[in-house]
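Quick notes on the structure that follows.
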Amino acid sequence: MRRRIVAGNWKMNNNLSDSTTLLEDLKTQDFKDENVEVFVAPSYTNLALAGTLLKDSAIKVAAQNMHQNDGGAFTGEVSATMLKSVDVSTVILGHSERRAYFNETDSLLAEKVNAALKNDMQVIFCFGEELEDRKSEAHFKVVEDQLKNGLFHIEKEVWKNIILAYEPVWAIGTGETASPEQAQEMHAYVRNTIKATYGEEIAADVSILYGGSVKPANASEIFAKPDVDGGLIGGAALDATSFAAIANAF
Ligand code: 13P
């Protein structure tokens, strides 16, 4: 069944003390609809803390990245099994910042997706075009390629562990959000692309989140679109009140 989801990607923000404060603040917020799933994705150093502090809360914890191998000589990396050992079973993969600054290619992402699924993890798979792509009207093709090359090798059975996040790069951290119509248009396109490859049921069931300058002021009109199932939130997730307002914007 398609789920409504709001996930906060904290990116490289919040040290131990900031994270403690934000997590405690989040616990005091009134998340009104228990059918809206809420995730926070702190940095690695704060994942275990988040798990501990949110133990009795409905808010779930996700990681922002992981390595494609289960372990070994990969200095500086973190594996799926390590994440699972701190009760994190959801991971964001393919964020545009990972693609742009850390050279994460579609084929690397395909390996990471496999590693996550093999470890029974849920993946929030991000994709989205750059401004140039949209200006040249290549945005549908770019998105389709990202999905086909990074994700469409998976079996039908594991789609239940996939959440999609459309994040147009030009809308991330810029204050310029995609219009609700632009988001809907791309989400519908993505759903149709999935339908063509995997069939109606999987396409109808997968949750597609929108990310890029979502704020309390614009969340409800974006979430009102039929193919938008929630949001992946950056800046506004760093403030508990804003984040809760977005989660309450359905
Ligand atoms: P902003 O909400 O800050 O634009 O970031 C979006 C994002 O990249 C979430 O992953």
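Every number in this text was worked out from the coordinates using simple rules, so none of it is lab data. Here the structure is a predicted model, which is why all the values come from computation and not from measurement. Please note: Cβ atoms are built from the backbone with ideal geometry, for glycine as well, and neighbour counts cover all protein chains shown.
Computed values, structure above
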read-out: Enumeration of residues in the range 92-122 that are of a type outside the set (D, E), within 14 Å of the ligand (Cβ to nearest atom) and within 18 Å of F39 (Cβ to Cβ); value: I92, L93, G94, H95, R98
read-out: Condition met for L47 (surrounded by 17 or more Cβ atoms within 10 Å (Cβ to Cβ), touching a Lys or Arg at 6+ places or on another chain (Cβ under 7 Å) and closer than 27 Å to F31 by Cβ); value: no
read-out: Checking Q29 against (1) within 14 Å of the ligand (Cβ to nearest atom); (2) out of contact with any strand residue (DSSP E or B) (no Cβ under 9 Å at 6 or more places or on another chain), the condition it does not meet; value: (1)
read-out: All positions within the range 152-186 that are acidic (D, E), within 29 Å of N218 (Cβ to Cβ) and away from the ligand (no atom under 12 Å from the Cβ); value: E181, E185
read-out: Hits in the range 67-123 - residues which are in contact with an Asp or Glu (Cβ under 8 Å, 6 or more places away or on another chain), free of Cβ contacts under 8 Å to residues at least 40 places away in the same chain and of a type in the set (S, T, N, Q); value: S79, T81, S89
read-out: Residues of the range 187-244 that turn out to be aliphatic (A, V, I, L, M), within 11 Å of the ligand (Cβ to nearest atom) and part of a helix (DSSP H, G or I), as a count; value: 4
read-out: Evaluation of V38 against (1) among the β-branched types (V, I, T); (2) surrounded by fewer than 17 Cβ atoms within 10 Å (Cβ to Cβ); (3) in contact (Cβ under 8 Å) with a residue 60 or more places away in the chain (one fails), failing number; value: (2)
read-out: Subset of the range 195-205 [touching a residue at least 40 places away in the same chain (Cβ under 8 Å) and more than 13 Å from P226 (Cα to Cα)]; value: T197, Y198, G199, I202
read-out: Search result, residues across the range 158-186 that are in a helix (DSSP H, G or I) and of a type in the set (S, T, N, Q); value: N161, Q182, Q184
read-out: Matching residues, the range 42-70, being within 12 Å of W10 (Cβ to Cβ) and touching a Phe, Trp or Tyr at 6+ places or on another chain (Cβ under 6 Å); value: P42, A62
read-out: Count - residues of the range 108-121 that are touching a helix residue (DSSP H, G or I) at 6+ places or on another chain (Cβ under 7 Å) and in a helix (DSSP H, G or I); value: 6
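For every residue, the table says whether it meets (1) touching a Phe, Trp or Tyr at 6+ places or on another chain (Cβ under 7 Å); (2) surrounded by fewer than 18 Cβ atoms within 10 Å (Cβ to Cβ).
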site	(1), (2)
R191	no, no
Y198	yes, yes
V206	yes, no
D227	no, no
L232	no, no
L238	yes, yes
A249	yes, no
